[in-house]
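See below for the structure under consideration.
Every read-out reported here was derived from the displayed coordinates using simple, explicitly stated rules and does not represent laboratory data. The structure presented is a predicted model; accordingly, all values stated were derived computationally and were not measured. For neighbour counting, all protein chains shown are included, and Cβ atoms are generated from backbone atoms with ideal geometry for every residue, glycine included.
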Amino acid sequence: MEIISDVVCPFCGSLCDDLEVVIENNEILEVRNACQLGAAKVKGCKKAKRILKPIIRKGNQLVETSYEKAAEHAAKILIKAEYPIFYGFGSTDADTHRESIKLAEEVGAIWDHCPSVCHGPSVLAIQEIGLAGCTLGEVRNRSDLIVYLGCNPMEAHPRHMSRYTTFPRGFFRDKGFQERTVIVIDIRRTETAKLANLFLQIEPDGDFEFISALRAIIRGREIKDENVSGIPVEKIKELAEIMKNAKHGVLFFGLGLASTKGKHRNVDAALSLVRDLNSYTKFYVMPLRGHYNVTGAQNVLTWTLGYPFAVSLTRGYPQYNPGEFSLTGVFDREEADAACIVASDPVGNSPRKVMNHFVKIPLIVLDPYETPTTRLADVVFPVTIAGVESEGTAYRMDTVPIRLRKIKDPPKGILTDYNVLELILNKYQILKKK
């Protein structure tokens, strides 16, 4: 029996790095310090079917084959395609992102990832307004005011509050939660709201009006209405005073802000609010990101091609246009004639029209487990689970890169995402020359 310490959890954007894993005979017996979601990810999904051999579709049958033949088949699909798209990448390492971009550039494809259907509006707002950002370590050590807007970390990021924000003892907050104030602004009383010092329940789709009223009060303007988005103006004034008098405040926001009516304009308002608050105190803002390395995919694409998501390489140089080059946009118009999906399951969580188009085109999938997407695929590559069966680098939600550890061996013969994409690229280049 072996106990491996300081293991990084490859589940959500918190990337908790204090896990202890008990292993015996290459089998994980116990995962300590993790939340239930993280422990299940590290142990492996018992209910999901693990793919152990590459698969090629022949007629209506899925036939097992070798990596070489599967890579050759995938390369032929990409050669024939005139408008292919690469998508996913939220649950794999940064080296895979880099190699997939290299392959997409060689093929002349669109490269898109998860923010196009989740935090894309946040990315657009940050491009317009800028981000007063900090690290989660700074929050832990310095913040005396934590504001959660349109997010529920107690259920989406279960250890977020205990590790970084509310409960831990920090260098300048040695009394932990006794020195912190937690405010939750949401449309319903969530599990996070139950722990808050102050909970404001706003009306659905009332985010922009509420934040605008709060900004106006902070700037010294008078609000004539008695209520804004269901909140009495007196309560908003009270909130404004709390925020202005904080020593080190941070605003976390989620899809409850970014994906409701107003979308990126809601996030614009939140970012501008934090900018206004910095005239009075130190205040920061951070989006709560979901998949453990979706921030990494965004960062790698940005420092490689200059844009954060929805990039087209069909003309030999990067073009950026969200909506036109995002997965849902391309599939809604039925333009894509091939797709390569890595570490994602878009068939299982996309609109019906998008799912219907997946049926019509050749599909290449890299995934450790059987999913709705793999069931529709023409080529399926089994891969290792990054952060469990292979090492790599992931970016935490605050953009801090953290090295993932390998804690057990994968099933015999299984390759990493990076190795598979490298193999496809080599086959593509060889076939292209013939």
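Worth a mention:
- Ordering of 6-12, 91-97 by burial proxy (mean other Cβ atoms within 10 Å per residue, highest first): 91-97, 6-12
- To the nearest ten degrees, helix 120-129 and the longest principal axis of the Cα atoms of the chain are 50 degrees apart.
- For region 1-119: span of alpha carbons on each principal axis (Å, largest first): 49, 35, 22
- The chain: C-alpha pair distances exceeding 27 Å, %: 55 percent
- Against the chain, whose longest principal axis comes from its Cα atoms, helix 417-433 is set at around 50 degrees.
- With a cut-off of 15 Å between beta carbons, the residues surrounding residue 319 carry a summed charge of -3, where Lys and Arg count +1 and Asp and Glu -1.
- Relative pair counts by distance (%), Cα atoms of region 120-287, 10 Å bins: 11, 42, 39, 8, 0
- From most to least packed by mean Cβ count within 10 Å, the peptides 220-230, 421-431, 283-293, 245-255 give 283-293, 245-255, 421-431, 220-230.
- Diffusion coefficient (Stokes-Einstein, Kirkwood radius over C-alpha pairs, 20 °C, 1.002 mPa s) for region 2-43: 213 µm²/s, rounded to a whole number.
- Segments 101-108, 21-28 sorted - mean Cβ within 10 Å per residue, highest first: 101-108, 21-28
- Crossing angle, helix 67-80 versus the chain [Cα axis fit, 0-90 degrees, rounded to tens]: 80 degrees
- Of the trypsin sites (Lys or Arg not before Pro) in region 152-215, those whose Cβ has at most 15 other Cβ within 10 Å and which sit in DSSP loop: 169, 175, 188, 189
- Average projected area [Cα convex hull, region 76-167], square nanometres: 8.5 nm²
- Our analysis of region 227-284 gives Rg over Rh at 0.99, with the two radii drawn from alpha carbon positions and Rh computed by the Kirkwood formula.
- Total formal charge among the other residues, if their Cβ is under 12 angstrom from that of residue 207, Lys/Arg +1 and Asp/Glu -1: -2
- Kirkwood Rh, Cα atoms: Rg over Rh of region 258-395: 1.03
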